[in-house]
Amino acid sequence: MASTSKSIALSIVFLLYLISCASSQRETTFLNHGFLEANLLKFGSSKVYPSGLLELTNTSMRQMGQAFHGFPIPFLNPNSSLISFSTSFVFAITRGPGAPGHGFAFVISPLMDFSKALPSNYLGLFNSSNNGKSLNQILAVEFDTVQAVEMNDIDDNHVGIDLNGVVSIESAPAAYFDNREAKNISLRLASGDPIRAWIEYNATEMMLNVTLAPLERSKPNLPLLSRKLNLSGILSEEHFVGFSASTGTVTSSHFVLGWSFNIEGKALDFDITKLPSLPDPPSPPSPSLSPPVSEKTNTNNTKLIIIVAVAASATVAIMILILLGFWFFSGRQVFFTGGARKFSYQTISSATGGFNSSKLMGERNSGSFYKGQLAPTEIIAVKRITCTTRQQKTTLIAEIDVISKIRQKNLVNVLGYCSKRNEVYIVYEYIPNGSLDRFLFNNDRPVLTWSDRFCIIKGIASAIQYLHNDGQKPLVHGNVKASNVLLDEDLNSRLGDYGQGSSTGHVAPELVETGKVTCDTDVYAFGVLMMEIVCGRKAIEPTKPPREISLVNWVLQGFKEGDLLQRCDSRMTRGELVAREVLLVLKTGLLCANRSHEARPMMKKVLQFLDGAEPLPHDDYLFYGV
């Protein structure tokens, strides 16, 4: 009911907007110096400053922002032939506190519904399931500031032409042609300086040209990209034009200062003195354990825009609709206590469709996980736990209060909880690529490269090290295993289910005797997990030959026999393996899986081994006690 109510209320907001536009004609030619009076629809994190500057994202993590011209553009003439078009815009990318990310794109799309899109490398346009699908009918020109190897990116500063996905069919490092020197000069997209872009399509020659230049320069004689392209299967009678940007774990502010567009003619030129100024760079943020919060200043997100003509005299009806909208919005409740964020049960139930079986992502001994949606761009994961006693419920909520304050880039964020009778619902951020075990042990996911695996291992190590040493007080995970490691859109590892040591995936010898999870048992479990990631198999596989049933013993035999590299997952391409790194990981894994908890290294030392900051002990030491 709550999600339906919100959709109705959002539709009301759009109805009011459309009323204001009903008397205007569709524009196929426009020139915007700033966007205060522009016919623009904004989505996600995008907003317009009082100066007229359009901001698609700020420097918060995992944002998506889109802005589109308010009416569709006809790209076919009455004879169903493609029409030429030309557009020019001025943009600027200001990097966040670290490396810049992830870029933005000029987009031509049949719809403006990107509610299922992902941020980061997907640029707020696609997701892992629809990326590259012909049904998208999307043409985009990306200005990419992060190199995603899995997307075949050429570098971390390039321009690409994309059809129906973010794997470019043509790309080049960002540069402009200097007419006087007759050569290309490199251009840094995330420099913070205004850059002008021209995108032109000649329908007769079926040629798409993309050109860049610094703002003060005239248009270069030669384009940066020139691609012969038949867009008849992409562009239909009417498409929307606009921009989309996103951030991931690295961030940038993406700005558009001005935009010109024309059908069957050159885009009108700018008077650069009329363009809005960029804001001053932000002051360095003060240290904080809290993550950046996406600023969502616009409520005109929608799934469908219906162009209607509404009589201007319907003032009374409009006021009634506004009041209804406020009434609908009030149905969603979120409470804040002195500790963790507390959601109402109605909100969580509505977000998960009443915990519908279609939303079930998995079931484990400790609870069931459901996918939920609080808002078009806010997806969550909900863990449903049944408590057998009042004391268990009280203890669990106290644990949630502690772990909800923990923020580290390789840990899954706990957003809050709600409770009803004997059940507690923990609300997590949603991590799109699911759990690591599906990549390692199933064949329904892409094979992870060695580079991916090494980064995943170091990410998990960083997360455990943070729990053990860098939080307000040491926290034992107690359940380190592949199913509790999630992979985000960049295949970065995010360790979840921490602070609830109810079971363990890889049992340290002393745990059988004492039943007590400790930092040492976490180290043991991580050692076994490292071997699973390298070898692509589970810790115990009873159907294997006797010497291979135990993964730890099998790796140890390989170490003694001098053929550790033969233990690697056979699905990986041998040419991509970095022998030094593989040996480092497997030896570190053996060291962590020592039967004596006193001989295991602390996680701080493990991380130093993996980062190459500290050498491993002599090989003879690894034999002892494993």
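Read the figures in this text as sums done on the coordinates, not as results from a lab. Because the structure is a prediction, the values reported are computed rather than measured. Neighbour counts are summed over all protein chains in view; Cβ atoms, including those assigned to glycine, are modelled from backbone coordinates with ideal geometry.
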- Positive dipole terminus of region 24-270, leading residue within SER253, SER236, PRO223 (C-beta point charges): SER253
- Message: Quick one: 3J(HN,Hα) in Hz for region 193-199, Karplus 6.51/-1.76/1.60 with θ = phi - 60°, rounded, Gly and Pro as x.
- Response: 8, x, 10, 9, 10, 10, 10
- Item | Of LYS133/LYS371; LYS116/LYS342; LYS409/LYS458, pairs whose Cα-Cα distance is over 19 Å | LYS133/LYS371; LYS116/LYS342
- Quickly work out the LYS133-to-GLU238 label distance, labels modelled 7 Å from Cα along the C-beta direction, and quote it in nm with one decimal. 2.4
- Query: So which trypsin sites (Lys or Arg not before Pro) in region 377-464 end up in coil per DSSP with only 10 or fewer other C-beta atoms within 10 Å?
  - Reply: ARG421
- Query: By the gyration tensor of its Cα atoms, with a ≥ b ≥ c the square roots of the eigenvalues, what is the shape of region 24-270: rounded for a/c under 1.5, prolate for a/b over b/c, or oblate?
  - Reply: rounded
- If the chain between VAL149 and ASN209 were fully extended at 0.36 nm per residue, the gain over the current Cα-Cα distance would be 19.1 nm
- Item | Separation of the GLU181 and ASN202 label points, Cα + 7 Å toward Cβ, nm | 2.8
- Message: If I take R0 = 45 Å and measure r between the Cβ atoms of SER80 and TYR49 in this structure, what FRET efficiency does the formula 1/(1 + (r/R0)^6) give, to the nearest 0.05?
- Response: 0.65
- Those residues of region 543-564 whose amide nitrogen sits under 13 Å from the label point placed on PHE441, 7 Å along Cα→Cβ: 543, 551
- Message: With the cut-off at 1.5 for a/c, could you classify region 436-623 from its C-alpha gyration tensor as rounded, prolate or oblate?
- Response: rounded
- Item | Protection proxy ranking of 114-121, 268-275 - average other beta-carbon atoms within 10 Å, highest first | 114-121, 268-275
